[in-house]
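These notes are about the structure you will find just below.
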Amino acid sequence: MSAAQTAAGPLLAVSGLGKRFGGFVALENIDLTIAEGERVGLIGPNGSGKSTLVNCLCGTLRNETGSVLFDGRPLDGLIAHERTRLGLARSFQLPKPFHTLNLIDNLRVPLLYTVNARPGHSLSDADVRARCEELLQAVALADKARRLPRDLTQVEMRKLELARAVATEPRLLFADEAMAGLSPSEVEEIIAVLLRLNQQGITIVLIEHIMRAVMSFSTRLLVLVAGQKIADGLPQEVMRNPEVERAYLGE
Amino acid sequence: MRTGTFLIAAALVGLAIVVLTRIFFTNEYFFFAAYVVLQYIVLSTAWNILGGYTGYINFGTGAFFAIGAYSSAVLHKLPALLKTFDILIPAVPLPVMIVVGGIVSGIVGLGTGYLTLRLRGVFFAIATLALSVVVQTLIVNWDYVGGSRGIYIIRPAQAPLGGGYIQYLYTLMMALSVISVCIARWIERSRLGLGFAAIRDDELAAEAGGVPTLRLKLIATTLSGALMGMAGAPLPYYVTYLDPGSSFNLAYAVNSVAMPVIGGMTSWVGPIIGAVILGTIQQLATVTISSALNLLIVGVLLILFVIIAPNGIMGLISARQRRRAAIIEAAVQQRQAAA
Ligand SMILES: Nc1ncnc2c1ncn2[C@@H]1O[C@H](COP(=O)(O)OP(=O)(O)OP(=O)(O)O)[C@@H](O)[C@H]1O
Ligand SMILES: [Mg+2]
């Protein structure tokens, strides 16, 4: 856990990761690394396996092959909540709010079960309350704190989804299409939130179809096509890659 | 109200009811009927800890209840059994039987949870039904506790706490009701209850939020099973003739699902309301018409509520409160806009 150890290797190292659904190969032999502090854009056509990759890395699904190191620690065999507590967080592409709980309680779940479950952390009730308000403020939902998720619009639901992932105080955050269906100004808003989180030290992987957002946010791009990683590099270079152009942008 | 304060208040209310009823009711039948209603408060509260809070529907109440009842039957016969080995022990007091029944049922709850909680939704419900069949088969074939013939239990001549034995059973069941309601209310307000609610709403999202869902579900099945077993433990002394027919009655499984549904599943109040209403109607029907009517009554009420008020009586009340709050909020906004 020392700083030296952290600096030595990448934050996330994936090697040979494969996932099948029955006979269908959703991910094949994925290798990738993510360094601390990076802002990575993960792009690819619909059905290329982006969400499946996030699901495997966060423990929602089990990959059949390959291994994952997080901060040098093997994650294989750990279930989702254990990975969350280690510092991996994700938003779901289709928001999954706790629909019988108001927004504050939606955020109290990760605060009590993740942040407070880490050794050396114990937020008091007042701390938890303050943190909830802060998180809701960050996504402009503070005035709906006591509402149920069903009172939210689709856009607000996405913001809640993001806030709930951020509430776990992750080291690595996967934002799975946090901006789908948002207006350009709302996209700017979310990008600003993500940039601020990144400045606070959270490494972020952004999965997004809105290219303008991806290009303005990412320091590196990963491209998945049909379950395979076909490109990995600086955004401008990746976009000039003929294979990417053909497989992804040419569709 | 803090949990400690609530516990004291609930205990005082329970005590007051016991004292007053024991002073003013001389008819033993009242206590026979009230015992059943209280037993249903415990059963439906216990059922709701798993079914209402975590969303896992259990049709196996009868099994947990019977395990409590039969563990008491075993303890009842224990001194005689040990005597044949020249070990002399006094008769086991009923409160001890209740604790043992709770522990045994709790362990069975834990085991069942381990085997079945990976099953989602309707498959879990079917598995609990299967559990009932397995436990019933075991008991029907277990000769020591009477097998399918059943077993006679002779009540101790002297009832503790003065009064008749049925008054004693009634008082114990009141204590169990107070305890289970306090546990349910404590869960609701604790981190545990928040985790249960997260599981009920979306298990994948709960895991992603750090909730150890399997462990929490095991806690729920254990607690729920233990309380059901405790409710069943005094049964041999209540019926004095215990047989698989009386302890595995379908009514236990159906009622303990129906009562929270009728009362409302999201709070501890719902199961109490459901148990008091349904239990009282059933007891009245048993006296005035026939006990054969009881299942029909549950069936009709259940259908009515599922159609008209799927969130139960508590759901109706909170919907009304929400509507009123919305009207007030709108009025405030209008006034602000006007100003
Ligand atoms: N649980 C599942 N069972 C079977 N097939 C699945 C499952 N989840 C995903 N798939 C399939 O795996 C492939 C990859 O899906 P995935 O959701 O990862 O794509 P994606 O890149 O996130 O797409 P999108 O951009 O539309 O979100 C798709 O063909 C999908 O149909
Ligand atoms: Mg996806």
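Is it the case, given these coordinates, that A:Arg220 is within 21 Å of A:Thr52 (Cβ to Cβ) and at pLDDT 90 or above?
Yes: the conditions hold for A:Arg220.
Against the conditions (1) more than 14 Å from chain B (Cβ to nearest Cβ); (2) within 16 Å of ligand 1 (Cβ to nearest atom); (3) out of contact with any helix residue (DSSP H, G or I) (no Cβ under 6 Å at 6 or more places or on another chain), where does A:Asn63 fall short? Just the number, please.
Only one criterion is unmet by A:Asn63, namely (3).
Quick one: A:Ile104 ticks every box in (1) in contact (Cβ under 8 Å) with a residue 40 or more places away in the chain; (2) within 9 Å of another protein chain (Cβ to nearest Cβ) bar one, so which box is it?
(2)
Which residue out of A:Arg131, A:Arg90 is at the interface with chain B (Cβ under 9 Å from one of its Cβ atoms) and either of a type in the set (Lys, Arg) or within 15 Å of the chain's Cα centre (by Cα) (or both)?
On the way: A:Arg131 fails: at the interface with chain B (Cβ under 9 Å from one of its Cβ atoms).
Going through A:Arg131, A:Arg90 in turn, just one is at the interface with chain B (Cβ under 9 Å from one of its Cβ atoms) and either of a type in the set (Lys, Arg) or within 15 Å of the chain's Cα centre (by Cα) (or both): A:Arg90.
From the list A:Val115, A:Val109, which one is of a type in the set (A, V, I, L, M, F, W, C), facing another protein chain (nearest Cβ under 7 Å) and touching a residue at least 40 places away in the same chain (Cβ under 8 Å)?
A:Val109
Taking the range B:311-339, which residues are of a type outside the set (A, V, I, L, M), modelled with pLDDT of 80 or more and surrounded by 11 or more Cβ atoms within 10 Å (Cβ to Cβ)? Let's see the steps before the verdict.
Looking only at the range B:311-339, we keep the residues that are of a type outside the set (A, V, I, L, M), and these are B:311-312, B:315, B:318, B:320-324, B:329, B:333-336.
With modelled with pLDDT of 80 or more added as a condition, the list becomes B:311-312, B:315, B:318, B:320-321, B:323-324, B:334-335.
Those that are of a type outside the set (A, V, I, L, M), modelled with pLDDT of 80 or more and surrounded by 11 or more Cβ atoms within 10 Å (Cβ to Cβ): B:Asn311, B:Gly312, B:Gly315, B:Ser318.
Anything in the range A:38-51 that is within 16 Å of ligand 1 (Cβ to nearest atom) and either among the charged types (D, E, K, R) or more than 14 Å from chain B (Cβ to nearest Cβ) (or both)? List them, or say none.
Of the range A:38-51, the ones within 16 Å of ligand 1 (Cβ to nearest atom) are A:40-51.
Within the range A:38-51, A:Val40, A:Gly41, A:Leu42, A:Ile43, A:Gly44, A:Pro45, A:Asn46, A:Gly47, A:Ser48, A:Gly49, A:Lys50 qualify.
Quick one: how many residues across the range B:205-236 are at positive phi and surrounded by fewer than 24 Cβ atoms within 10 Å (Cβ to Cβ)?
Looking only at that region, the number is 0.
Say whether the condition of being under 18 Å from A:Glu161 (Cα atoms) and within 16 Å of ligand 1 (Cβ to nearest atom) is met by at least one residue in the range A:66-83.
yes
Name every residue in the range B:279-307 that is of a type in the set (Val, Ile, Thr) and within 17 Å of B:Met265 (Cα to Cα), in order of residue number. Write out each step before concluding.
We begin by selecting, within the range B:279-307, every residue of a type in the set (Val, Ile, Thr); these are B:280-281, B:286-289, B:297-298, B:300, B:303, B:306-307.
Selection gives B:Val298, B:Ile303, B:Val306, B:Ile307.
Hey, A:Phe24 hits all of (1) in contact (Cβ under 8 Å) with a residue 12 or more places away in the chain; (2) near ligand 1 (Cβ under 10 Å from one of its atoms); (3) away from chain B (no Cβ under 14 Å) but one; which does it fall short on?
Of (1) in contact (Cβ under 8 Å) with a residue 12 or more places away in the chain; (2) near ligand 1 (Cβ under 10 Å from one of its atoms); (3) away from chain B (no Cβ under 14 Å), only one is false for A:Phe24: (1).
The values are calculated or read from the model by the stated rules, or taken from the named source; none is laboratory data. Quick caveat: nothing in here was measured; it's all calculated off a predicted structure. Neighbour counts run over all protein chains shown; Cβ positions are idealised from the backbone, glycine included.
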